[in-house]
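As structure tokens, the structure follows; a few thoughts come after it.
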Amino acid sequence: MGTDGWRDEVITRLRGVKYPGFSRDIISFGLVQDMVMEGSDLKLKLKLTTPDPAVPEKIGKEIRDALKGYALVKSVTLEIEVAPPQSTASTGPQGIEGVKKIVAVASGKGGVGKSTVAANLAVQMARDGLKVGLCDCDLYGPSQALMLGCREGIRVEEGTERIVPAECHGVKLMSMGMLLGDDSPAALRGPMVTRFTQQFLRQVAWGELDVLVLDLPPGTGDIQLTIVQTVALDGAVIVTTPQEVALVDARKAIAMFRKVNVAILGLVENMSFFLVPGTNQKHEIFGSGGGRREAERQKVSLLGEIPLDPEARKCGDDGKPVVLGPSPSEAAEIFVLIAQKLKKILF
Ligand SMILES: Nc1ncnc2c1ncn2[C@@H]1O[C@H](COP(=O)(O)OP(=O)(O)O)[C@@H](O)[C@H]1O
Ligand SMILES: [Mg+2]
């Protein structure tokens, strides 16, 4: 251990301090600007851009906790500079040229039907006359090309070198995974994911869009973090199932958007119940009322409760979102209502 050995230990400990609401730590986030040891007093300088006064307080406390028990540090002097987000306008969230509204569809947990909801809402809003784009931002598990039955490959626009989205069921579709080979996702990590995500949405020739729907990966990792920080979102739709395990994670996703002042447009509860075909018998497989209770607790609207519907699953696998029919479907009816509500909220 050299004379600067304390630095490694401090960094290791600070890596355990997460930015509130995110899974990423303050070191990898680049928030620690300077660290100096004067005797046994550690002076740390941090720079944050958040309008929420609770954030510096929470980070400060967690830093002190993380350093407790490290013998070389007897005291910690914190200098936390909070620059308002406006002052970083050039690097802060920006709109996308030609796109009127950008909506993220997010969930805490995977497998709750986020992509199904994103696909059906996008297709239904297009049927309602809006110009709609859909971007699958799940680098590691893209599913929209399959759900929309899109077999088109990537084309690059001559002159501008921008990527031309595919078009399926009246929706312009782009998938972040399309640009990566089959083996590359595993190799793409941390800072590379961030840079790739930052550039990606602006490299697509979306043209004029009323709404761009972003199908986010589950959770609150690098991709989600980058998107909420760099793209000026008009709001987020949170998808959950009624079970507590999904609701816990939905809460985290809601907290992430709130930290950066993105409006929660509403909660969609998926797989709410199973209607025995040909009867009125409802089976509430994942419990009942979880979405409604959570929406009330979070003071957000419950946009709809979508039943488990074999037709929805089949249509997803067949590349034709269930709102397109032709078979009657309970889920489809609710998707149509949710799309209408969303349109009303946005325009
Ligand atoms: N309401 C539903 N009824 C029946 N199957 C559904 C429903 N919602 C989603 N599914 C199916 O569940 C699986 C996971 O859904 P998906 O949308 O891919 O979840 P996520 O994007 O949250 O991981 C898919 O096979 C999908 O077709
Ligand atoms: Mg998905």
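In the calculated pair-distance distribution of the stretch 28-152, the portion above 21 angstrom amounts to 62 percent of the Cα-Cα pairs. Computed from label points 7 Å out along Cα-Cβ, the spacing between TYR140 and GLN243 is 2.0 nm. Give me D for the stretch 5-88 in µm² s⁻¹, whole number, from Stokes-Einstein with Rh from the Kirkwood sum over alpha-carbon pairs, 37 °C and 0.692 mPa s. Once the numbers are plugged in, D ends up at 251 µm²/s.
The count of lysine pairs in the stretch 5-88 that are at least 8 places apart or cross chains, and whose C-alpha atoms lie under 16 Å apart, stands at 12. Over all other residues within a Cβ to Cβ distance under 13 Å of CYS137, the charged ones net out to -3, with Lys and Arg as +1 and Asp and Glu as -1. Extension gain, ARG195-GLU81: 0.36 nm per intervening residue step, less the Cα-Cα distance, totals 38.5 nm. Peptides 280-292, 70-82 ranked from most to least packed give 280-292, 70-82, packing being the mean of other C-beta atoms within 10 angstrom over each peptide's residues.
Shape summary: the stretch 204-258 maps onto an equivalent ellipsoid whose semi-axes, from the alpha-carbon gyration tensor, are 24, 13, 10 Å in decreasing order.
The distance between label points at ASN261 and VAL36 comes to 3.3 nm (points 7 Å beyond Cα on the Cα→Cβ vector).
Where both bridge residues fall in the stretch 5-88, DSSP classifies roughly 45% of the beta bridges as antiparallel. Shape analysis of the stretch 99-346 based on the Cα gyration tensor places the equivalent ellipsoid semi-axes at 28, 21, 17 Å, largest first. Computed about its Cα centre, the charge dipole of the chain is approximately 720 debye, with only Lys, Arg, Asp and Glu carrying charge at their Cβ. Shown for the chain: cysteine residues without a partner Cβ closer than 4.7 Å, namely CYS135, CYS137, CYS315. Other residues whose C-beta falls under 13 angstrom from the C-beta of THR160 contribute a net charge of -1, scoring Lys and Arg +1 and Asp and Glu -1. Multiplying the residue separation of GLU208 and LEU275 by 0.36 nm and subtracting their alpha-carbon distance yields 20.1 nm. When only alpha carbons of the stretch 215-294 are considered, Rg and Dmax amount to 14.9, 48 Å.
Counting only DSSP beta bridges with both residues in the chain, tell me the antiparallel percent, nearest 5. If I count the DSSP bridges inside the chain, around 25 percent turn out antiparallel.
The stretch between GLU296 and ARG155 holds 46.3 nm of extra length on full extension. This uses 0.36 nm per residue minus the Cα-Cα distance.
Dividing the helix sum by the residues of the chain, where each DSSP H run of 4 or more adds -39500 (n - 2.57), gives a mean residue ellipticity at 222 nm of -10000 deg cm²/dmol. Each distinct pair of alpha carbons in the stretch 254-323 adds a 1/r term; the inverse of their mean, the Kirkwood radius, is 13.9 Å.
Could you tell me which trypsin sites (Lys or Arg not before Pro) in the stretch 92-185 are loop residues by DSSP with no more than 11 other beta carbons within 10 angstrom of their beta carbon? Taking the stretch 92-185 and a limit of 11 other Cβ atoms within 10 Å, the loop trypsin sites (Lys or Arg not before Pro) found are ARG151. Oblate is the label for the stretch 122-176. Its Cα gyration tensor axes, ordered a ≥ b ≥ c, give a/c of at least 1.5 and b/c at or above a/b.
Values in this text are rule-based calculations from the coordinates and carry no lab data. From a predicted model like this one, the values you see are computed outputs, not experimental measurements. Cβ sites come from the backbone with ideal geometry, for glycine too, and all protein chains shown count toward neighbours.
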